[in-house]
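Following: one structure in structure tokens, then a few remarks.
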Amino acid sequence: MRWITALLIWLSVAQASAGQPKYMNYYNYVENRDVPAAHQLACLPIQAVQPHYSPVDLLTALLDCAEQREWQRAHDLYTLIGLYGAFDARRVKDETTHHAGAALQLEFINRITDRKKARFQSAVESFAREDRQRLCNAMVAMTPAHSPEYMLALREEAEGRALRLWFDAQDAWQETLEEQLSCAEVLT
């Protein structure tokens, strides 16, 4: 996950520096199918995140963290948005929507100044084993309970069931944590 995060930040900073257009605004990308945040959150520590907060809700907290220069919290929330995106990709059938979590992460990168991007990138680069252990400890018992509405808004298939049947959220969350953060390595 660390290298993916660093790559996304680097790509956004490089494009902005080169004067090229930035990534599309997430809300424009969904063709004005606005998915508003249910909760306007201030910057919060990972331990205060509630299972029903969606990635769109977390984006509001993430932007506030950048405004307050709370880079560790920003990193944690940015990582969590990516994890929620990977988790939601497991439960939403339409694969054309599975990039929604990454789109929200890019939305964050596009909304902050170049100086803040550099500070955020430094926080990402300093992510250490202890940080991964701290994140895994916080997230392992935190099975998401939010609606994947932000992902469903991108749906191209208008027919059929949107969510997978027999979806086990707890197992899917544990698998997501293992695939994305390799939590078993730091929790044993």
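Every number in this text was worked out from the coordinates using simple rules, so none of it is lab data. Please read these numbers as outputs of a predicted model, since none were measured by experiment. Note that each Cβ is placed from the backbone with ideal geometry, even for glycine, and that neighbours are counted across all protein chains shown.
The table below lists the values:
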quantity: Relative pair counts by distance (%), Cα atoms of the range 98-150, 5 Å bins; calculated: 4, 15, 15, 18, 23, 19, 6, 0
quantity: Spin-label model distance (nm) - GLU130 vs ALA38, 7 Å beyond Cα toward Cβ; calculated: 3.6 nm
quantity: Full-stretch length increase - ASP171, HIS99 - with 0.36 nm per residue and alpha-carbon distance subtracted; calculated: 23.8 nm
quantity: Percentage, to the nearest whole number, of Cα pairs in the range 47-115 over 20 Å apart; calculated: 26 percent
quantity: Backbone N under 17 Å from the ARG111 label point (7 Å along Cα→Cβ), restricted to the range 42-60; calculated: 42-45, 53-60
